[in-house]
1. So Val140 ticks every box in (1) more than 27 Å from Met1 (Cβ to Cβ); (2) of a type outside the set (Ser, Thr, Tyr); (3) within 16 Å of the ligand (Cβ to nearest atom) but one. Which box is left unticked?
2. Answer yes or no as to whether Gly161 is in a helix (DSSP H, G or I) and within 16 Å of the ligand (Cβ to nearest atom).
3. Name the residue that is modelled with the lowest pLDDT, counting only residues in segment 11-50 that are small (Gly, Ala, Ser) and away from the ligand (no atom under 14 Å from the Cβ).
4. For Tyr166, indicate whether it is assigned to a loop (DSSP other than H, G, I, E, B) and of a type in the set (Phe, Trp, Tyr).
5. If you go through segment 1-59 one residue at a time, how many are open to solvent by 10 Å² or more (accessible area, probe 1.4 Å) and of a type in the set (Ser, Thr, Tyr)?
6. Scan segment 69-91 and tell me whether some residue there is within 23 Å of Ile9 (Cβ to Cβ) and either away from the ligand (no atom under 16 Å from the Cβ) or open to solvent by 10 Å² or more (accessible area, probe 1.4 Å) (or both).
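The values are calculated or read from the model by the stated rules, or taken from the named source; none is laboratory data. Since the structure is predicted, the reported quantities are computational estimates derived from the model, not experimental observations. Neighbour counts run over all protein chains shown; Cβ positions are idealised from the backbone, glycine included. Just the protein is used for accessible areas: all its heavy atoms, side chains included, with ligands, DNA and RNA removed. Shrake-Rupley method; radii C 1.70, N 1.55, O 1.52, S 1.80 Å.
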Amino acid sequence: MDHKTQQLIDNLKGKQKIRVLFVCLGNICRSPAAEGVLKAIVDEAGAAGRWDIDSAGTGGWHVGELPDSRMRIHARQRGIELIHHCRKVTLADFDRFDLIIPMDDNNTLNLRRMAPTLEAARKIIPMATFVDPGMGYDHVPDPYYEGSEGFELVLDLLDNGCRRLYDTLTPQ
Ligand code: 4NP
């Protein structure tokens, strides 16, 4: 984690409410799964009141839809129901959220292009930043054209990254 990112995280630690937006391309696989995983973690910790968690996509092909049925099945096997309805990222999201977390470089680049100010751009921190480097991934791979193992990998990476995100923002 670089210095600027660490600074942003340190500032958030003291906040009463933490607002997190997960972003992927379609908002039907990775980012709604990340939303569901982090919500489950904060629910279990009894910390839901401190967190505002949402997801959105840089592309708009699936707006209004529930997550991809394969993603929902794999999440359900881990006790997580995905009920988010797909939406696109908006400019207002850069105001509303403290952290904007893209899944891969393509999402990151698109968000950086959209960011209205430098301060807004600084809120963009890739998901892989929070994932244990030992897992060997510098992004969360798009599972859309993959089989079951692609969806399981996404959930493994998100489970690891979201736990570490939660821990790093939770005062001990
Ligand atoms: P996601 O996966 O970005 O993880 O939601 C995708 C879903 C749909 C498409 C691409 C990626 N698509 O091209 O429709």
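1. (1)
2. yes
3. Only one residue fits best here, namely Gly14.
4. So Tyr166 does not fit the description; no.
5. 2
6. yes
Let's see how each residue does on (1) of a type in the set (A, V, I, L, M); (2) exposed (fewer than 14 other Cβ atoms within 10 Å of the Cβ); (3) in contact (Cβ under 8 Å) with a residue 40 or more places away in the chain:
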| position | (1), (2), (3) |
| --- | --- |
| Ala121 | yes, no, no |
| Pro126 | no, no, no |
| Val154 | yes, no, yes |
| Leu169 | yes, no, yes |
| Gln172 | no, yes, no |
